[in-house]
Structures are given as C-alpha cells and as structure tokens.
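Everything on this sheet refers to the single structure shown next.
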Amino acid sequence: MPHRALLELRNVTIKFGGLIAVNDLSFTVNEGEIVGLIGPNGAGKTTVFNLISGVYRPTKGEIYFNGENIVGLKPYQVCQKGIGRTFQLVKPFGNKTVLYNVMVGAFLHTNNTHVSREKALEVLKLVGLHHRKDMLAKNLTIVDRKKLEVAKALATEPKLLLLDEVLAGLNPAEVNEAIEVIKRIHRAGVTILLIEHVLKAAMALSQRVVVIDYGRKIAEGPPEEVTNNPEVIKAYLGERYGAARN
Amino acid sequence: MARLASPRYYLPVLLILLLFALPLFVKSPYYLHIMAMVLFWAYMATAWNIVGGFAGQLSLGHGAYVAAGAYTSSLLFAYLGISPWFGMFIGGLVAGLMGFLVGYPTLRLRGAYYALATVGFAEGFRVILTNTTHIGKWKTGGAEGFMIPLLGNAPQHMQFISKVPYYYLILVLFLILVLICRWIDGSKLGYYLTALREDEDAALALGINTARVKLVAATLSAFFAGVGGVFYAQLIRYLEPNAIAGPIMSNQIVFLAIVGGRGTVLGPALGGLVLTLIGEITRVVFNQIMGLHLFLYGLLVVLFVIFKPRGLIEFLEVLWNRLVNLLERREGKHAA
Ligand SMILES: Nc1ncnc2c1ncn2[C@@H]1O[C@H](COP(=O)(O)OP(=O)(O)OP(=O)(O)O)[C@@H](O)[C@H]1O
Ligand SMILES: [Mg+2]
C-alpha cells in the first residue's frame, strides 16, 4: 500500500499560561498503520489527543486529516470527519446499559434505532463485550470499562481511532486480551494512534512509535530502534530515578 | 389483539379509560377543578422535563414560557378575536421562540450558571410584564393583571360553564405530551439528550452537536410550557404576572419533576399528581397557613434528593412490575 498520510501534525504547539505542553510537534500517521505515541508522565500525550480531537486549539501549527486542516473544528465535528477517541479517564454514561452507551455512538450514521442497535451489537461482539450488553455501565470492571470506551468510539465508524492508555491498569492476562482486541479492530480497517505509558505493550502493537518528552518529539521509528535510542532511555530512566527519589 | 391480552398493555389502557371516566363519578365543580389542576401540574412538570430532565439542564425560569403562552393567546383573543384554540398554537410558538432565544446565549453555560441565567431571563420577563400596562393600544394590565373577557358558554373560544370540558382538554394535552416524551425517550434525540446529561465531553467526542441538542430540547420544552400556559389562562381567566411568570410557577414545576423523577418519561407527571394532591389537602386542612404547601414541596425535594434521587417513579416501577408479574402468573394458571 502506498504511504498515504491520514493524519499529519505540522509544528503543533500549545501553551497553557507559561507551560508549553506541546512544543513544535510534527508527525504523521499513514492509512492502515498502528502508531504508538509514548513518553513519560506529563510528557503531553493526552494533550496531543485533545488537540487532534478539537478539545484544545493549538497556539501554533496545523493538523491535517485526510488532507484537510481540521484546526478550529469542534470535537463533534472532528468525530464526524472520522476520528474517534477514548478518554484516559474513561467516560461511560454510567446510569445506562452497555448497549445504550454504544448505541449513542452508533447513531452518528443513522436516525433509526434498530439500525443503531444492530451496529452497536456488532461492535460489542468485536470488542468482546457482548455478554455484558445489559449491564449498567457504572457496574463494569476496569477492563470492561476500557472495552466500553473503545466500543463507543468504534461505533461512530472512525477511519482513525485514538486510544489513550487503554491498557493501563489491566493485569497481564487482560493486557493480552486487549491487545488482541486492538489487533482485531486494526484488521477491520481502522488506522490507530495509541498512547501507552507502558513501553512493552506499545512495542507489541505499534509498527512505528513517536516518543515525546516535555512536549517535544525526541525520537521516531520502528519500536526496536527507538528503544535503543539514548535520548529515549534517558527520558525513561530519568523518570524512574525521579520516581525512586520520591 | 394478542398484545392487548398482556397486562403490560391492558393496564395502561385501563388506567387511561379510568381517567376519561372520572367525570362520570365526580360531579362537584370544586373537585373537577382540582382534578384539572392536578393534570395541569403533571403536564407542566412533563414539559419541563424535556430540557430539565432529559437534557439535564436545570431551567428555573419556565414560568416565563407559561406566561408567554398565556398572554399571547389571551391578548390575541381579547383584541383580535382570535380563538384560543388557534391561540394555543401561536402561544406555544411564541413561548418556543422565547425558549430558543434564551437557549441560544446560554448554551455554553454549564450547571449552576445555566440555572442562574434562566432565573435572570424569567425575572426580567416578569418585571416587564408587571410594569407594562399597555402594548400599543392593547391594555395588558401590568401588575394588576389581565382579565380574559367572559363569554359564558363559548366552546368555540375555549370557554365553558362546566369544568368537565377543561378536565378533558388538559387530559388530552397531557396524554399527547406523554406520548411525545415516550417517543423522544426511545429515539436518537433521547439517546443524545441522555448522553449530554450524563457527560457532555463524552457526548461531544461521539459526534454529538450538544449545543444544537440542548437548543432543540429547550425550544420543545418551552413550546409545551406555552401551550400549558394557554390552558391555564382559559381555566383561571385571570393572568397575574407574579403568579404566572414568577418563581412560584417556575420553582413549583421543578419541585414536582424532581420529586417525581427527573429524566424519566412518567416521573414528573407522577410528582405533579402526588404533590398537587398533597398541596390541596394541606391547603384545606391548614388553610390559615398560606404557602405551607410550598414549604412542604421544598422539604420533599430535600428528602428525595438525599434518599431517593431517582424519585417517586422508583416506587411506582416496583409496584408496577409486581402487579404485572402477578397478573401474568394468574393468567398463566388460567391458560394451563
Ligand atoms: N488544560 C490544561 N491546563 C493547564 N495545563 C495542562 C492542561 N492540560 C494539560 N496540562 C499540562 O500539560 C502537561 C502534559 O499533560 P498531559 O496530560 O498531556 O500528559 P500525558 O503525557 O498524557 O501524561 P500521563 O502519562 O500522566 O497521562 C502536564 O504538565 C499537564 O499538567
Ligand atoms: Mg495522559
């Protein structure tokens, strides 16, 4: 497949007061890829997602999706263009059932309740949550909440899916299961940009990773190459030492 | 027909038939008036619920829409001879337009700020009504209020000597509104309103234009409140800005909906029914203490918010399911 950029960030910067959370960041995600966005705590990963999805407007720079500059679009418009996202702190509609939650997403492309229900059930099967469809979202376990978060976004039929630490907080067995789910989604034709704090999981999934630290890109490339990059090692080791000191 | 054999279908049908049959047993105008008022409050709480419950936007200014509907139809009738049957639509549209105009600048406000803004608009409107005695040549009465010309028995102008037609009119309006709300609840709009209420950021991320959905809910809700206002005007035939556009009206609607069960189809109506009856009883028993019923409503709101946030409807649901199960089991035995 020729490399067609589905998403492209060009020199994107955002400042919160004095803090530069994302600093002159450029990278692309090609159609059909799984790209990992990694970096230590507070590096600016979630902020990048908020910039892409229209929650924040960049102070500088452009964001292209499908060749169109999407800077300035509202979050719902970005979703309508074909970018789905999950939230690091999951946001279920707690008092409603799992099926209801996913149907909300599925209504993006239909006004018909039956069509929406069928679509939602299909998505629930894909993420392995079908057996929980009648449960209230607030009663789900962590792993199922994460799956629900993915299912909701997936129900909007995105071309690009942004996953924010969907593996965090899962035990090793659950991580493996979730990795299979993500691979299944990818095989279904969805391009994926995923944030992972845990390097290993990101490496297992991604064909390419972008590493950021203090809002700046410090490395980019195939996983094995990036893990040997001295700057990356320093960023992560520095963090570990930092954590040890506390 | 087979469907009708299930208690899930025939019980509501029976209940509706009973509501229609009530005037056959109740002849006293006093009680008929109370019954009409009970349905009026049930109707108002249901109308408020579209924006206050489904969309979760706490509007504390619905009195303004009631007044907009009531004054529109009444002035059109008094000065242009337009029948309130037609005025009901115009009144609803004027109220709906007001709901839209109030909704537009307040879209981006969340929580308490939205509530405050609605209070501001409604109070502003009440003050305007109180201080405006004329619109051009039309006398509106200002603080003194506005009397609707009495024609005696004039069905073509929605005036009746008997209370029975009023009862049937509000019953039909109420049933139509409940059906509409039921439809909204199960439709895309209902799902979107729920998403907005539960988590606006999550709703936005799923492609929902939450501003537009809010505006639709606010406009619909105001429209139906306005239609209710026209009915109120015809029943009472006297419009007083403080009573109809003021906090007594606005807050009471909210109390009923919250105690009944905000965001459910039938909860607000149930709240309207139960609280208005309690209110009437306290008014009769403690007639020397004015406003006691409002105090009681306030107390009930506090108790429900703390102990039963889902409202009275929760009791009814339990009762309902038991009854349906009981009936279904009995029928099962009969069949066997
Ligand atoms: N709305 C905001 N206002 C001010 N500062 C913000 C805002 N959002 C993020 N930040 C700051 O920007 C920096 C990057 O935050 P971000 O949440 O993007 O990090 P992250 O890489 O996702 O971290 P984590 O791995 O902990 O999720 C942090 O210092 C954070 O405090
Ligand atoms: Mg983050």
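Counting only protein heavy atoms and a probe of 1.4 Å, the accessible surface of region B:230-272 is 62% carbon and sulfur. A probe of 1.4 angstrom, applied to the heavy atoms of all protein chains, finds A:L140 with accessible area near 10 square angstrom.
If you plug the beta carbon distance of A:D134 and A:A168 into 1/(1 + (r/R0)^6) with R0 = 25 Å, you get a FRET efficiency near 0.40. With R₀ set to 51 Å, the beta-carbon distance separating A:I20 from B:L97 gives a calculated FRET efficiency near 0.65.
Projecting label points 7 angstrom from Cα along Cα→Cβ for B:R182 and A:E118 puts them 2.6 nm apart.
Loop only per DSSP, at most 11 neighbouring Cβ atoms within 10 Å: give me the trypsin sites (Lys or Arg not before Pro) in region B:117-209, ordered by residue number. Sparse-neighbourhood loop trypsin sites (Lys or Arg not before Pro): B:K137.
Partner shielding of A:109-115 amounts to 2, given as the average count of beta-carbon atoms from other chains within 10 Å of each residue beta-carbon. Rounded, prolate or oblate: pick one for region A:1-91, where a ≥ b ≥ c are the square roots of the eigenvalues of its C-alpha gyration tensor, a/c under 1.5 means rounded, and failing that, prolate if a/b is larger than b/c, else oblate. Because its axes are fairly even, with a/c under 1.5, region A:1-91 counts as rounded. Helix content alone sets the calculated 222 nm mean residue ellipticity of chain A: runs of n ≥ 4 DSSP H residues at -39500 (n - 2.57) each, divided across all residues, give -12000 deg cm²/dmol. Bridgeable lysines around A:K183 (alpha carbons under 16 Å apart, same-chain partners fewer than 8 residues away excluded): A:K125, A:K146, A:K147, A:K159, A:K200. Across all directions, the shadow cast by the convex hull of the protein assembly as shown built on its C-alpha atoms averages 35.0 square nanometres.
For A:V209, the residues whose modelled amide H falls within less than 5 Å of its own, excluding neighbours fewer than 5 places apart on the same chain, are A:G36, A:G221.
Secondary structure note: in chain A, about 55% of the DSSP beta bridges are antiparallel.
For a test of the definition: using alpha carbon positions, the gyration tensor, and the 1.5 limit on a/c, classify region B:1-149 as rounded, prolate or oblate. It comes out oblate by the Cα gyration axes. In chain B, helices alone account for a calculated mean residue ellipticity at 222 nm of -24500 deg cm²/dmol, with every DSSP H run of four or more residues adding -39,500 (n - 2.57).
The peptide list B:149-159, B:100-110, B:33-43, put in order of mean Cβ contacts within 10 Å with the highest first, becomes B:33-43, B:100-110, B:149-159. Projecting the Cα positions of B:F295, B:G186, B:A21 onto the charge dipole of chain B (unit charges on Cβ atoms of Lys, Arg, Asp and Glu, taken about the Cα centre) puts B:A21 furthest along the positive direction. Sorted from greatest to least, the principal axis extents spanned by the alpha carbons of region B:7-335 come out as 70, 54, 39 Å.
In plain terms, the chain from B:M147 to B:S6 could stretch by 45.8 nm, reckoned as 0.36 nm per residue minus the Cα-Cα distance. Shape summary: region A:60-173 maps onto an equivalent ellipsoid whose semi-axes, from the alpha-carbon gyration tensor, are 25, 18, 11 Å in decreasing order.
Using only the Cα atoms of region B:181-276, each taken as one equal point scatterer with no solvent, compute I(q) by the Debye sum, divide by I(0), and report log10 of the ratio at q = 0.14 Å⁻¹. Debye curve over Cα of region B:181-276, log10 I(q)/I(0) at q = 0.14 Å⁻¹: -0.65.
Looking at chain A, what % of the alpha carbon pairs are farther apart than 34 Å? Distances greater than 34 Å cover 15 percent of the Cα pairs.
Across peptide A:76-83, the average count of Cβ atoms from other chains found within 10 Å of a residue's Cβ is 4.
Grab the beta carbon distance between A:N228 and B:I161, set R0 = 56 Å, and tell me the FRET efficiency rounded to 0.05. Once rounded, the FRET efficiency stands at 0.05. Counts of other chain beta carbons within 10 angstrom of each beta carbon in peptide B:190-202 average 5. Candidates B:L204, B:L215, B:F160 compared by Cα position along the dipole of region B:129-216: farthest toward the positive end lies B:F160, with charges placed on Cβ. About the centre of its Cα atoms, chain B shows a dipole size close to 440 debye [charges on the beta carbon of Lys, Arg (+1) and Asp, Glu (-1) only; nearest 20 debye].
Summarising the strand pairing of the protein assembly as shown, around 60 percent of its internal DSSP beta bridges are antiparallel.
The values are calculated or read from the model by the stated rules, or taken from the named source; none is laboratory data. Being a predicted model, the structure only gives us computed values, none of them experimental. Quick reminder, even Gly has a Cβ in these numbers, built from the backbone with ideal geometry, and neighbours come from all protein chains shown. Just so you know, the surface numbers come from the protein's heavy atoms only, side chains and all, with ligands and any DNA or RNA stripped out. Shrake-Rupley method; radii C 1.70, N 1.55, O 1.52, S 1.80 Å.
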